[in-house]
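Data first, discussion second: the structure below is written as structure tokens.
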Amino acid sequence: MTRSFLALLKVRRLVPRLLRDHLNQRGAAEPLRAFAGVRGRWLRPSSRMPDLGPPCGRLVGDMQDTEGTSLSRRDGAGARYRLIFLAVALVAYLLDLGTKLWALERLQGRPDIAVLGDWLKLHFTSNPGAAFSAGTEFTPVITCVAIVASLVLLWFARRLGSIGWAVALGFLFAGITGNLTDRLARDPKPFHGEVIDMIQLPNWPVFNVADICINIAAALIVVQAFRGIHLDGAREGSRDAETEPIGQGAEE
């Protein structure tokens, strides 16, 4: 019994030694030592990032191209809306300016022109105040407010993403700058100039094309608000969905 036990111990000691010698001869001891915790090259972290290879490189390139295309389309659409804004503003402003120059030449000091009998007349008058002859003693203040409003509109026009908003702000800009031109360039002096009006309706103050543009703009802005369309073209529902916390819809 004792001899068998001693023989077993010798075998247990001899087998690992023979295995280690065999692996050393074949050059395979280094990976085993690394695996056992001895310092080895297999366990050292690589200082180089793995090569993504052609497929991954093409995937990243395609993602960048798609993102660039999306941004370019968005910029192109924004430029189109700004162009609509400028075109509407320019046409309306020139129409207002032309009617005022015509009124100075054909209506000032002359009898009224009946277009539709007593329902619509062309009557020359000048207005030192705001719309409908309001605030006649605050002409310089009104002029400064109009300048600030024009600059604010130009700043907001950079964010245009809707045709409706582009048309609305175009009319509003034309109306404000049309009357602002009179206040800066007409008598008696700059910032005190009187606005030229020529369109007369029954029981209604005399107004001009610039006033019409402002009212059209106000109506379009109300329509856009009721439709839930923001200045950048986003709808109210879609913006709420984007800002909804993740998981809130599932809980509800």
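Coordinate-derived values only; no laboratory data. Every value quoted in this text rests on a predicted model; they were computed, and no experiment measured them. Here Cβ is always computed from backbone atoms with ideal geometry, including for glycine, and neighbour counts include all displayed protein chains.
Semi-axes of the equivalent ellipsoid of the stretch 81-233 are 28, 18, 13 Å, computed as sqrt(5λ) over the eigenvalues of the C-alpha gyration tensor in descending order. Each label point was placed 7 Å from the Cα along the Cα-to-Cβ direction; for Leu184 and Ile147 their separation is 0.8 nm.
Using θ = phi - 60° in the Karplus curve 6.51 cos²θ - 1.76 cosθ + 1.60, the 3J(HN,Hα) couplings for the stretch 138-145 round to 10, 4, x, 5, 4, 5, 5, 4 Hz; x is entered for Gly and Pro. The residues Lys121, Lys189, when put in order of fewest to most other Cβ atoms within 10 Å, stand as Lys189, Lys121. Along the stretch 183-192 the Karplus relation, 6.51 cos²θ - 1.76 cosθ + 1.60 evaluated at θ = phi - 60°, assigns HN-Hα couplings of 5, 8, 10, 8, 5, x, 6, x, 6, 10 Hz to successive residues, with x for each Gly and Pro.
Relative to the current alpha-carbon distance between Leu94 and Leu154, full extension at 0.36 nm per residue lengthens the span by 19.8 nm.
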